[in-house]
Ligand SMILES: [Zn+2]
């Protein structure tokens, strides 16, 4: 049986984690994913070659979004508390599904626009204008004065459709396996 891919391999997961907790958040999540049990911030810092304080900052940001959670245990020898961290994959999945739905909705809207409106542009490609606006300018570009012609939107429509179907595939995979 094929191995289930890591949640961090989903396209949108990378941008989401980066937006939440910075460039290296994705590496941190990967490290925690590989460990079955909790992992201490010191261990993570060593693996990532970062300062423990930097790792804590990232963990706290992920904790804020419900992605990272910790266990506190008293070390019987030292009397100090040990914190071990875990990544909640279920929570990442939830947030990702939201993101995918949002993206798909936006693209569907774009698709609707492409289908229902003809856009006009000049040969210098200054700015696209819908028919009504282009007609107001008498099909002369307001920026450069060249005449504006209808754009062929078949190619763009195809691209949007392809994006949507790829996102839907990812979404299905997420819903069925995670
Ligand atoms: Zn122009």
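Scan the range 152-172 for residues that are within 13 Å of residue 115 (Cβ to Cβ) and surrounded by 12 or more Cβ atoms within 10 Å (Cβ to Cβ) and the total you get is 6. Screening residue 23 on (1) in contact with a strand residue (DSSP E or B) (Cβ under 8 Å, 6 or more places away or on another chain); (2) part of a loop (DSSP other than H, G, I, E, B) shows it passes everything except condition (1). Restricting attention to the range 76-114, the residues being closer than 27 Å to residue 148 by Cβ and touching a helix residue (DSSP H, G or I) at 6+ places or on another chain (Cβ under 7 Å) number 4.
The rows are residues; the columns are (1) within 21 Å of residue 15 (Cβ to Cβ); (2) assigned to a loop (DSSP other than H, G, I, E, B); (3) under 22 Å from the mean Cα position of the chain (by Cα); (4) within 16 Å of the ligand (Cβ to nearest atom).
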| residue | (1), (2), (3), (4) |
| --- | --- |
| 92 | yes, no, yes, no |
| 112 | no, no, no, no |
| 133 | no, no, no, yes |
| 144 | no, yes, no, yes |
| 152 | no, yes, no, no |
| 170 | yes, no, yes, no |
| 173 | yes, no, yes, no |
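Quickly run through the range 1-19 and pick out the residues that are under 16 Å from residue 88 (Cβ atoms) and surrounded by fewer than 16 Cβ atoms within 10 Å (Cβ to Cβ). Passing the criteria: only 6.
One residue stands out in the range 98-110 among those that are crowded, with 16+ Cβ neighbours inside 10 Å and under 16 Å from residue 14 (Cα atoms): the one that is nearest to the ligand (Cβ to nearest atom), namely 103.
Each value in this text was obtained by applying a stated rule to the coordinates, not by laboratory testing. Given the structure is predicted, the values throughout are model-derived calculations rather than measurements. All Cβ positions, even for glycine, are placed from backbone atoms using ideal geometry, and neighbour counts span all protein chains on display.
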